[in-house]
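Here is the structure we will look at, set down as structure tokens.
The values are calculated or read from the model by the stated rules, or taken from the named source; none is laboratory data. Nothing here was measured: the structure is a model prediction, and the numbers come from that model. Here the Cβ positions follow ideal geometry from the backbone for every residue, glycine too, while neighbour counts run over all protein chains shown. With ligands, DNA and RNA removed, areas are computed over all heavy atoms of the protein, side chains included. Shrake-Rupley method; radii C 1.70, N 1.55, O 1.52, S 1.80 Å.
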Amino acid sequence: MAKVSVIPTRQQVQVIDGVSRERKKRVCAYCRVSTDTEEQLTSYEAQVTYYENYIRSKPEYEFAGIFAGEGITGTNTKHRVEFDRMIEAALAGQFDMIITKSISRFARNTLDCLKYVRLLKEKGIWVYFEKENIDTLDSKGEVFLTILSSLAQDESRNISENSRLGIVRRFQQGKVRVNPKRFLGYDKDENGELIINEQEAAVVRRIYDEYLGGLGYKSIALKLEAEGIRNGSGKVKWHDSNIKQILTNEKYMGDALLQKTITLDFLTHKRVKNKGGAQQYYVEDSH
């Protein structure tokens, strides 16, 4: 029978100035809060302070920074700048381990969560979820991670649906919510109600007058552009579509059609025109 000898594992060792030392794990933390309210921002700041102190207090850890995002959705990673920056740094070999409070802080989208955990794992970088006590390098970690991230995703769906119900109730009550930043002719008062911006309203009235006088979309757009008049986005460039939108927008006669667009699902947050997929509400004399 062949003789088998066991060669024990050895701790990683680095050499600094000719002196060998045990290699510390380079550890960073990822923090995120889901809204930008004052209470949540306090939570955000507390997380940053906590994790920096926590990592620095561990002799086996070397502090490798904090990646922290405020007020951005966790259901996908499209607009999470700090998250993307952390992944890039990880793949560039800048740290060995990520600590985060929970799966829901890391991602509420199961597919995204597993995708990034596996990507990091391939590079020898592991993630530790403190609340769930999951270490992704553990063989059981991915099983638990799949189950728990699915639950976190479902929780996010429930929150999204509850939020949508609240918006629909406001629609049913005729409460109009319009962002006037890209809406020529209107501002908001201290109560959030639409009020006329007289300087911009003069441009709107001119567009209606010129259209009724026989000019087409393109002709009106060219005249406004030539005079350096800015559109609702603050740009001098006018398009036919800008004129058409103003001429066909019911809000310029004091009414409001609510739920013109709808969100397809809570993961993508993609909005499309409502072509009968959801109820709409028409409010007369709303402002």
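Here are the numbers for this structure:
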read-out	value
FRET E, pair residue 210, residue 255, Förster distance 22 Å, beta-carbon r, rounded to 0.05	0.45
Solvent-accessible area of residue 209 with every protein chain in place, 1.4 Å probe, in Å² to the nearest 10	100 Å²
Percent accessible area from carbon and sulfur atoms, the stretch 174-283, protein chains only, probe 1.4 Å	50 percent
Cut-off 13 Å between beta-carbons: net charge of the residues surrounding residue 249, Lys and Arg +1, Asp and Glu -1	+2
Restraint check, 25/123; 218/244; 181/237; 181/223, Cα-Cα greater than 19 Å	181/223
Translational D in µm²/s for the stretch 204-264 (Stokes-Einstein at 10 °C, 1.306 mPa s, Kirkwood Rh from C-alpha pairs)	126 µm²/s
Extended-chain gain in nm, criterion 0.36 nm per residue less alpha-carbon gap, residue 147 and residue 43	34.8 nm
Size of electric dipole in the stretch 174-283: Cβ of Lys, Arg +1 and of Asp, Glu -1, about Cα centre, debye, nearest 20	560 debye
